[in-house]
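Undergrad: Input: one structure, supplied below.
The values are calculated or read from the model by the stated rules, or taken from the named source; none is laboratory data. Values in this document were obtained by computation on a predicted structure and should not be read as measured data. Cβ placement follows ideal geometry from the backbone for every residue including glycine, while neighbour counts extend to all protein chains displayed. Areas reflect the complete protein model, heavy atoms only, side chains present, ligands, DNA and RNA absent. Shrake-Rupley method; radii C 1.70, N 1.55, O 1.52, S 1.80 Å.
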Amino acid sequence: MTRPLCWILIIAIVLVVPLSALPQTPKTQSTSSTAASQDPRLQDFENFVRREMERDKIPGLTIGFLKDNQTWVKAFGYADVENKTPATENSAYRIASTTKTMTAMAVVQLAERGKISLDGEIQTYLPDYPKQKWPVTVRQLLTHLGSIQASSGLGPDQVSMKDLVARISSTPGTIEPGTRFIYATADYNLLAAAVENVTGGSFDKYLRENLWLPAGMNDTRIDDVRGLVPNRVRGYDIADGELKNAPFINVSSRIGGGGATSTVPDLLRWGQAIIDRKLISAKSYEEMLKPVATSGGRWSGIFNGEHYYTLGWMISPFNGNFVIDHGGSQKGTAASFFVFPARRMAFAVLANLELADLDKYFRRLFETITGESATVRVATRDSLSAPIARAIDSTYNYGALDYWQDQRPMTTDPQELAQAFDYFNTNTNLGTLRSTGSDAAKKILDGRHPVGGNAFIKIGSFMAAKLVEKNGDESFAKYYRGGSIPFFVDYVRLYKANNQISKQFRFTAAFETMIETWSRDWTRRWNDYTRSVELTPHSDLTTIGARLRKEFAGAEVYPDFSEALQRIQQGELALTSSKLGVDLYPYSDELLFNLGFFLIMAEQSAEGRAAIKRLVGDYERPLVYFKRAFEANPSGVIAPQTFLDIGRRWVRRPELHNAALEFVSNGISLHPKNAALHELLGDVLIRKGQTDQAATNFRAAYQLDPKLGKGATLEEYVAARMKIN
């Protein structure tokens with residue numbers, strides 16, 4: 001269920017850097033820590049890593065897993081490219097935001113010991129942080145609901161904890177805590193300072209004595225740029241298409257939110273401690289990993305709560321699994337860390353390249369050792385039934401996650417369950433969808449949130465409990481491999497054979513017929529080819545596209561690879577992947593947006609226009625695709641903020657002013673009452689010398705939202721904007 005960061009697109013149409021320009025990885029790598037290294041599946045995986053590292057320009061990488069108390073760790077590439085020093089299984093990398101899991105554990109541990117109240121105001125434990133307009137609690141900081149919008153800064157200087165708190169204090173909060181998820185490292189820096197105040201010692205000392213050493217983590221520490229750190233790697237980034245040494249930074253300004261250094265074996269020990277509930281009580285673990293809701297009644301977290309953010313952890317459905325994770329990236333480093341508590345598995349990947357895409361290495365390793373698919377999603381041919389597929393997917397994924405987290409259904413109350421099934425049956429009815437359209441589709445989006453009564457989670461966890469009760473824990477592997485449709489089919493067949501399951505906890509006859517029909521399509525289309533196909537920037541998308549079009553022809557449902565296609569945003573391939581994606585998934589708002597976006601980008605040059613003609617053929621204006629994306633999901637990528645984020649970057653680049661003009665104008669076509677977009681269009685028009693039109697847009701912006709003037713009159717505001725630009 002991971003969703004791409006499609007609203008931070010900043011990529012121009014560029015040629016891919018030749019692989020020959022990259023440093024070659026050493027042929028001999030450090031050996032694994034167990035006899036598993038002889039497994040041919042892992043040997044194939046190692047070949048995959050070497051190939052992809054070269055393509056991804058990653059200098060050094062260490063990866064490993066823990067499964068049933070056994071570990072395997074392998075290192076690839078260089079810890080230091082200039083000196084040809086190989087990475088090893090004990091190479092020490094900065095772990096960036098993975099540090100947050102440790103800071104949160106320290107705070108929860110202190111709460112368990114009576115030193116901190118999670119619902120107490122942060123100022124109780126950190127008097128140096130001034131009172132805000134609204135109270136801010138420790139729990140709100142842990143879950144990024146504290147509305148801290150200040151930056152802690154990041155640079156070469158050593159920053160004291162006192163200075164760090166002062167930096168954050170200089171920007172008062174302007175949003176009421178609890179209303180909006182705002183991911184901020186500053187939250188965790190305040191928590192680290194609170195730990196020091198409460199314990200009377202350094203943050204590093206507390207973590208070392210109370211977390212790391214008890215977990216057997218001897219190679220984890222708060223980063224010290226002057227200290228001698230065994231096996232420390234050198235960090236790199238990509239500049240102008242070439243590998244460069246990363247600029248020097250001191251992460252003391254990230255101490256609680258991204259200031260630690262660790263190794264893959266130590267992170268796996270951290271995973272083991274989490275699985276064994278070694279550091280805090282079972283009750284505290286449960287509290288730490290429970291999702292939280294905003295005051296608006298929606299689960300809080302990344303991508304509008306698709307990934308819950310709990311007390312220091314992200315939790316998301318991973319094809320029916322309960323998995324907790326936290327990764328991060330900084331100058332010269334990237335980290336990815338996943339724990340499957342119910343299955344006693346953990347995975348860690350560390351690399352010395354900023355923004356390296358490590359998830360694909362984790363996913364491939366997961367698939368290698370489990371034989372399961374990391375992602376199984378369902379797409380529909382018919383737009384009317386697309387919300388039903390979303391409901392099925394949401395019910396399976398979030399319901400199974402909840403079941404495996406607690407080992408019981410969310411509720412067994414007959415009235416609550418009956419209401420949940422009624423909610424599902426009403427809003428997945430084709431007649432309802434046909435007559436109410438967006439209202440029913442919205443209720444399907446709400447179905448797993450408190451505002452929707454958690455209906456889908458209640459149903460999915462109940463279904464999981466009944467299937468496990470009938471067939472045992474191990475039987476669930478079928479759904480890890482096959483996804484939501486087999487899950488629903490088996491539950492329908494179960495209650496048809498078991499009169500003890502109340503009729504209130506069943507689906508409609510029309511739904512039962514539909515799911516059986518979908519199952520026949522799914523069985524044929526989710527086959528050996530589609531399970532193993534790789535959609536990456538290095539794939540032959542033309543050949544794969546032809547095969548997928550053939551595989552999916554005539555099917556009502558088929559595998560959804562839109563996420564993989566959306567991630568392909570390099571060079572001309574961005575056009576190919578977007579066009580293929582829209583052909584296969586004509587109701588994907590992300591892919592429709594991407595196609596419009598990359599068409600605008602490509603049209604800025606003769607080379608790009610030639611690429612469009614060669615790769616896309618006939619096409620509509622970008623606004624057409626944006627409108628279709630808006631119709632598919634008005635609250636998704638096509639939201640005003642996407643146009644604002646990208647447009648504000650482009651307005652600073654003269655070579656992109658024409659692109660910015662079309663892009664922002666399209667945003668206004670979709671969101672005509674958004675004042676900020678009119679203001680931004682005015683900024684673009686001034687830079688193009690169209691002052692009259694700019695003034696018209698500034699006036700429109702002010703009339704829509706006079707607050708933009710910050711107390712100025714209309715004419716004062718317009719004059720100021722004209723002068724600023």
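Undergrad: Output the number of residues of the stretch 698-716 satisfying the condition of being at pLDDT 95 or above, open to solvent by less than 20 Å² (accessible area, probe 1.4 Å) and of a type outside the set (A, V, I, L, M).
TA: 1
Undergrad: Also, I was wondering about something else. Which strands (runs of 3 or more DSSP E) does the stretch 225-268 wholly contain that include 3 or more residues that are farther than 30 Å from residue 324 by Cα and open to solvent by 10 Å² or more (accessible area, probe 1.4 Å)?
TA: Here the list reads 242-245.
Undergrad: Further question on the same structure: Restricting attention to the stretch 348-372, which residues are under 18 Å from the mean Cα position of the chain (by Cα) and within 22 Å of residue 531 (Cα to Cα)?
TA: Scanning the stretch 348-372 gives 357, 358, 359, 360, 361, 362, 363, 364, 366.
Undergrad: In contact (Cβ under 8 Å) with a residue 40 or more places away in the chain, surrounded by 20 or more Cβ atoms within 10 Å (Cβ to Cβ), closer than 29 Å to residue 38 by Cα and not small (Gly, Ala, Ser), is that true of residue 322?
TA: no
Okay, residues lined up against (1) in contact with a strand residue (DSSP E or B) (Cβ under 9 Å, 6 or more places away or on another chain); (2) under 26 Å from residue 245 (Cβ atoms); (3) of a type outside the set (A, V, I, L, M, F, W, C); (4) modelled with pLDDT under 95:
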{"site": "49", "(1), (2), (3), (4)": "yes, yes, no, no"}
{"site": "58", "(1), (2), (3), (4)": "yes, yes, no, no"}
{"site": "75", "(1), (2), (3), (4)": "yes, yes, no, no"}
{"site": "102", "(1), (2), (3), (4)": "yes, no, no, no"}
{"site": "105", "(1), (2), (3), (4)": "no, no, no, no"}
{"site": "109", "(1), (2), (3), (4)": "no, no, yes, no"}
{"site": "113", "(1), (2), (3), (4)": "no, no, yes, no"}
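Undergrad: With the structure loaded, tell me whether residue 147 is in contact (Cβ under 8 Å) with a residue 12 or more places away in the chain and either closer than 17 Å to residue 255 by Cβ or outside any loop (DSSP other than H, G, I, E, B) (or both) or whether it fails that test.
TA: No: the conditions fail for residue 147.
Undergrad: Out of all the residues in the stretch 299-343, which are in contact with a His (Cβ under 8 Å, 6 or more places away or on another chain) and of a type in the set (Val, Ile, Thr)?
TA: If the condition is that a residue be in contact with a His (Cβ under 8 Å, 6 or more places away or on another chain) and of a type in the set (Val, Ile, Thr), then 315 is the only one that fits.
Yes/no matrix, rows are residues, columns are (1) open to solvent by less than 10 Å² (accessible area, probe 1.4 Å); (2) among the acidic types (Asp, Glu); (3) in contact with a Ser or Thr (Cβ under 8 Å, 6 or more places away or on another chain):
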{"site": "70", "(1), (2), (3)": "no, no, yes"}
{"site": "88", "(1), (2), (3)": "no, no, yes"}
{"site": "92", "(1), (2), (3)": "yes, no, yes"}
{"site": "101", "(1), (2), (3)": "yes, no, no"}
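Undergrad: Sort out which residues of the stretch 313-345 are closer than 13 Å to residue 374 by Cα and of a type outside the set (Phe, Trp, Tyr), and write them in order of number.
TA: Within the stretch 313-345, 316, 317, 319, 320, 321, 323 meet the criteria.
Undergrad: Any chance the stretch 202-223 includes a residue that's open to solvent by less than 40 Å² (accessible area, probe 1.4 Å), without any contact (Cβ under 8 Å) to a residue 24 or more places away in the chain, part of a loop (DSSP other than H, G, I, E, B) and over 28 Å from residue 302 (Cβ atoms)?
TA: no
Undergrad: Take residue 163 and decide whether it is part of a loop (DSSP other than H, G, I, E, B) and open to solvent by 60 Å² or more (accessible area, probe 1.4 Å).
TA: Against the criterion (part of a loop (DSSP other than H, G, I, E, B) and open to solvent by 60 Å² or more (accessible area, probe 1.4 Å)), residue 163 does not qualify.
Undergrad: If you go through the stretch 106-126 one residue at a time, do you hit one that is within 19 Å of residue 252 (Cα to Cα), touching a residue at least 40 places away in the same chain (Cβ under 8 Å), touching a helix residue (DSSP H, G or I) at 6+ places or on another chain (Cβ under 8 Å) and open to solvent by 10 Å² or more (accessible area, probe 1.4 Å)?
TA: Looking through the stretch 106-126, none of the residues is within 19 Å of residue 252 (Cα to Cα), touching a residue at least 40 places away in the same chain (Cβ under 8 Å), touching a helix residue (DSSP H, G or I) at 6+ places or on another chain (Cβ under 8 Å) and open to solvent by 10 Å² or more (accessible area, probe 1.4 Å).
Undergrad: Identify the residue in the stretch 637-662 that is open to solvent by less than 20 Å² (accessible area, probe 1.4 Å), of a type outside the set (Val, Ile, Thr) and under 25 Å from the mean Cα position of the chain (by Cα) and, among all such residues, is nearest to residue 581 (Cα to Cα).
TA: My answer is 643.
Undergrad: Please pick out the residue among 19, 9, 42 that is modelled with pLDDT under 50, open to solvent by less than 10 Å² (accessible area, probe 1.4 Å) and over 18 Å from residue 271 (Cα atoms).
TA: 9
Undergrad: A follow-up question, please. Answer yes or no as to whether residue 573 is among the aliphatic types (A, V, I, L, M) and buried (at least 24 other Cβ atoms within 10 Å of the Cβ).
TA: Taking the combined requirement at face value, the residue does not satisfy it.
Undergrad: Next question, about the same structure. Please go through the stretch 359-374 and pick out each residue that is open to solvent by less than 10 Å² (accessible area, probe 1.4 Å) and either modelled with pLDDT of 95 or more or not in a loop (DSSP other than H, G, I, E, B) (or both).
TA: 361, 362, 365, 366, listed by residue number.
Undergrad: Right, next: Can you tell me how many residues within the stretch 494-520 are touching a strand residue (DSSP E or B) at 6+ places or on another chain (Cβ under 6 Å) and either open to solvent by 70 Å² or more (accessible area, probe 1.4 Å) or among the charged types (D, E, K, R) (or both)?
TA: Number satisfying all stated conditions: 0.
Undergrad: Can you name the residue in the stretch 522-550 that is part of a helix (DSSP H, G or I) and out of contact with any helix residue (DSSP H, G or I) (no Cβ under 9 Å at 6 or more places or on another chain) and, of all such residues, is surrounded by the fewest Cβ atoms within 10 Å (Cβ to Cβ)?
TA: The extreme case among them is 528.
Undergrad: Okay, moving on. Is it true that residue 525 is charged (D, E, K, R) and touching a residue at least 40 places away in the same chain (Cβ under 8 Å)?
TA: So residue 525 does not fit the description; no.
Undergrad: From the list 400, 420, 391, 356, which residue is free of Cβ contacts under 8 Å to residues at least 60 places away in the same chain, in contact with a helix residue (DSSP H, G or I) (Cβ under 8 Å, 6 or more places away or on another chain) and either over 16 Å from residue 306 (Cβ atoms) or of a type in the set (A, V, I, L, M) (or both)?
TA: 420
Undergrad: Sticking with this structure for a sec: Give the residue that is farthest from the chain's Cα centre (by Cα), with candidates limited to residues of the stretch 300-334 that are modelled with pLDDT of 95 or more and aromatic (Phe, Trp, Tyr).
TA: 322
Undergrad: Among the aromatic types (Phe, Trp, Tyr) and either under 25 Å from residue 702 (Cα atoms) or open to solvent by less than 10 Å² (accessible area, probe 1.4 Å) (or both): which single residue out of 630, 597 fits that description?
TA: Testing whether each residue is among the aromatic types (Phe, Trp, Tyr) and either under 25 Å from residue 702 (Cα atoms) or open to solvent by less than 10 Å² (accessible area, probe 1.4 Å) (or both) leaves just 597.
Undergrad: Kindly state which helices (runs of 4 or more DSSP H) lie completely within the stretch 375-442 and contain at least 1 residues that are touching a strand residue (DSSP E or B) at 6+ places or on another chain (Cβ under 8 Å) and open to solvent by less than 20 Å² (accessible area, probe 1.4 Å).
TA: In the stretch 375-442, the matching helices (runs of 4 or more DSSP H) lie at 386-406.
Undergrad: Within the stretch 168-183, how many residues are among the hydrophobic types (A, V, I, L, M, F, W, C) and outside any loop (DSSP other than H, G, I, E, B)?
TA: 1
Undergrad: Just need a number here: residues in the stretch 551-574 that are of a type in the set (A, V, I, L, M), touching a Leu at 6+ places or on another chain (Cβ under 8 Å) and not in a helix (DSSP H, G or I).
TA: Summing the residues that are of a type in the set (A, V, I, L, M), touching a Leu at 6+ places or on another chain (Cβ under 8 Å) and not in a helix (DSSP H, G or I) in the stretch 551-574 gives 1.
Undergrad: Right, here's the next one. So which residues in the stretch 45-64 are of a type in the set (A, V, I, L, M, F, W, C) and part of a strand (DSSP E or B), if there are any at all?
TA: Correct list: 61, 63.
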